[in-house]
Amino acid sequence: MSDCECLAGCPFFNDRMASAPATAKMFKRKYCQGDNTNCARYMVFKAIGKSNVPGDLFPNQLDRAKSTVSKALGNANVRGGQFPNQLGRAKSVIHA
């Protein structure tokens, strides 16, 4: 699989992780290179857009990603682990 489409411009890695290269490398390998569908940042990006991804959201903060998307969509309960399809924005499935 190829790298995440957001990796080159991801502010999380390019700004926040510069002082922790070993940790950044581990996160990149797990969340950015290959299957990025388990990355909290990518989930928010795909569901509600780049401008809505919190700058301090770590790739492993899936519960926070789910909450962020839920609040942005005005839906307090994201049922079944999937965002409402009728809004046409949420393409990723967040597993609880």
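Candidates in the stretch 8-37 are the residues that are surrounded by 17 or more Cβ atoms within 10 Å (Cβ to Cβ) and within 12 Å of the chain's Cα centre (by Cα); of these, the one that is modelled with the lowest pLDDT is 12. I'd like to check something: does the stretch 58-67 contain any residue that is modelled with pLDDT of 85 or more, over 8 Å from the mean Cα position of the chain (by Cα) and of a type in the set (Ser, Thr, Tyr)? There is at least one residue in the stretch 58-67 that is modelled with pLDDT of 85 or more, over 8 Å from the mean Cα position of the chain (by Cα) and of a type in the set (Ser, Thr, Tyr).
So, in the stretch 30-41, exactly how many residues are closer than 12 Å to residue 13 by Cβ and in a helix (DSSP H, G or I)?
Narrowing the stretch 30-41 to residues closer than 12 Å to residue 13 by Cβ: 31-33, 39, 41.
Remaining after also requiring in a helix (DSSP H, G or I): 31-32, 41.
Qualifying residue count for the region: 3.
Residues checked against (1) part of a helix (DSSP H, G or I); (2) aromatic (Phe, Trp, Tyr); (3) at pLDDT 50 or above; (4) in contact with a Cys (Cβ under 9 Å, 6 or more places away or on another chain):
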{"position": "43", "(1), (2), (3), (4)": "yes, no, yes, no"}
{"position": "51", "(1), (2), (3), (4)": "yes, no, yes, no"}
{"position": "54", "(1), (2), (3), (4)": "no, no, yes, no"}
{"position": "72", "(1), (2), (3), (4)": "yes, no, yes, no"}
{"position": "77", "(1), (2), (3), (4)": "no, no, no, no"}
{"position": "86", "(1), (2), (3), (4)": "yes, no, no, no"}
{"position": "89", "(1), (2), (3), (4)": "no, no, no, no"}
{"position": "95", "(1), (2), (3), (4)": "no, no, no, no"}
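Could you look through the stretch 38-67, keep only residues that are among the hydroxyl-bearing types (Ser, Thr, Tyr) and more than 20 Å from residue 3 (Cβ to Cβ), and pick out the one that is surrounded by the most Cβ atoms within 10 Å (Cβ to Cβ)?
Step one: filter the stretch 38-67 for residues among the hydroxyl-bearing types (Ser, Thr, Tyr), giving 42, 51, 67.
Add one more test, that the residue is more than 20 Å from residue 3 (Cβ to Cβ), and what stays is 51, 67.
Details: 51: 6, 67: 15.
Residue satisfying both the conditions and the ranking: 67.
The values are calculated or read from the model by the stated rules, or taken from the named source; none is laboratory data. Only a predicted model underlies this, so the values are computations on that prediction, with no experimental measurement involved. Heads up, the Cβs are rebuilt from the backbone with ideal geometry, glycines too, and the neighbour counts pull from every protein chain shown.
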